[in-house]
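The values are calculated or read from the model by the stated rules, or taken from the named source; none is laboratory data. As the structure is a prediction and not an experimental result, all values here were calculated from the model. Backbone-built Cβ (ideal geometry, glycine too); neighbour counts: all protein chains shown.
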Amino acid sequence: MCAQQVHDGHRQRLKKRFLNEGIESFNDHQVLELMLFYSRPRSDTNETAHLLLQRFGNLSAVFNADPRDLATTPGVGEHGAVLLSLIAPVCRRYMADVVQPRGEPLTSPAKAIAYVKPLMLGRIEEVFYVVCLDSQARVRFPALLSKGTVNEAFVSPRQVVSIALQHHACTVLLAHNHPSGDPTPSTADKHLTHALVHALESIGIQVFDHLIIAGENSFSFAEADLLHG
């Protein structure tokens with residue numbers, strides 16, 4: 001039996017196992033191996049899956065890795081890197097849709113936190129969202145404005161105002177994460193919040209809240225009465 005027939009037989013067995021049993025019994029390398037079947041249709045992806053786990057450490061780290069880094073792993077390539085990099089953002093999109101179905105208004109800090117948390121799922125860097133809301137507090141568009149350190153150098157009032165106007169926001173929900181796990185706002189967070197609130201209110205757009213998400217913990221500027229300086 002040739003090597004290609006062995007690979008084809010292994011692929012079919014793994015696919016059938018997934019269809020019959022689900023993915024719960026799969027090892028991490030088997031999850032990656034199965035996924036890479038669809039970007040490497042004629043290659044043995046087992047070795048590539050092991051290389052990815054050795055290089056990045058675990059499954060979530062692979063899915064959160066920069067696609068340019070993924071692409072340099074032998075056997076991955078551009079198509080594989082795009083496929084693997086889709087997993088984390090698709091999961092965030094899925095969880096946000098499940099937790100807060102489209103069209104349901106964000107009428108309280110608790111509902112806003114429930115909506116925002118999935119957007120921060122698995123983030124290893126700080127990200128900043130400007131969630132544009134209509135007159136009924138329904139989400140028009142969640143704009144990912146910045147990745148990296150959140151301060152006025154990376155998130156400017158001009159950018160936020162532009163996004164709010166572009167998506168015809170009546171009110172805006174601001175949100176960012178603290179990967180450290182501590183949701184306590186820094187001095188820079190407070191200064192940025194006051195600058196954004198002032199800029200938006202100057203054009204007649206209210207800020208509903210600014211949320212900081214840190215894993216399961218969160219902080220609401222509105223609840224703490226800190227939206228205005």
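Quick notes on this structure:
- Candidates LEU165, LEU200, LEU173: the one that is more than 15 Å from LEU119 (Cβ to Cβ), buried (at least 18 other Cβ atoms within 10 Å of the Cβ) and either free of Cβ contacts under 8 Å to residues at least 24 places away in the same chain or not basic (Lys, Arg) (or both) is LEU200.
- Any chance ALA175 is among the hydrophobic types (A, V, I, L, M, F, W, C) and under 22 Å from LYS111 (Cβ atoms): yes
- Output for segment 60-85, where each listed residue is aliphatic (A, V, I, L, M) and modelled with pLDDT under 90: ALA61, ALA65
- One residue stands out among those in segment 152-189 that are under 19 Å from ALA222 (Cα atoms) and assigned to a loop (DSSP other than H, G, I, E, B): the one that is nearest to the chain's Cα centre (by Cα), which is HIS178.
- In segment 40-64, the residues that are outside any helix (DSSP H, G or I) reach residues that are not hydrophobic (A, V, I, L, M, F, W, C) with C-beta atoms within less than 6 angstrom, at least six apart or across chains, in these pairs: ASP44/HIS7; THR45/GLU33.
- Among residues of segment 30-85, those that are within 22 Å of MET120 (Cβ to Cβ) and either acidic (Asp, Glu) or buried (at least 19 other Cβ atoms within 10 Å of the Cβ) (or both), counted: 8
- Every pair of residues 6+ apart whose Cβ atoms lie under 9 Å, when the first sits in segment 115-141 and is more than 21 Å from LEU192 (Cβ to Cβ) while the second is in a strand (DSSP E or B) and of a type in the set (S, T, N, Q): ASP134/THR171; SER135/THR171; ALA137/THR171
For every residue, the table says whether it meets (1) assigned to a strand (DSSP E or B); (2) under 14 Å from TYR129 (Cβ atoms); (3) aliphatic (A, V, I, L, M); (4) in contact with a strand residue (DSSP E or B) (Cβ under 8 Å, 6 or more places away or on another chain).
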| position | (1), (2), (3), (4) |
| --- | --- |
| HIS191 | no, no, no, no |
| ALA195 | no, no, yes, no |
| LEU200 | no, no, yes, yes |
| ILE203 | no, no, yes, no |
| ILE213 | yes, yes, yes, yes |
| PHE219 | yes, no, no, yes |
| ASP225 | no, no, no, no |
| HIS228 | no, no, no, no |
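- Any hit, segment 94-104, residues being at pLDDT 90 or above, more than 16 Å from ILE213 (Cβ to Cβ), surrounded by fewer than 18 Cβ atoms within 10 Å (Cβ to Cβ) and not aromatic (Phe, Trp, Tyr): no
- Among the residues of segment 113-128, those identified as aliphatic (A, V, I, L, M) and in a helix (DSSP H, G or I) are ILE113, ALA114, VAL116, LEU119, MET120.
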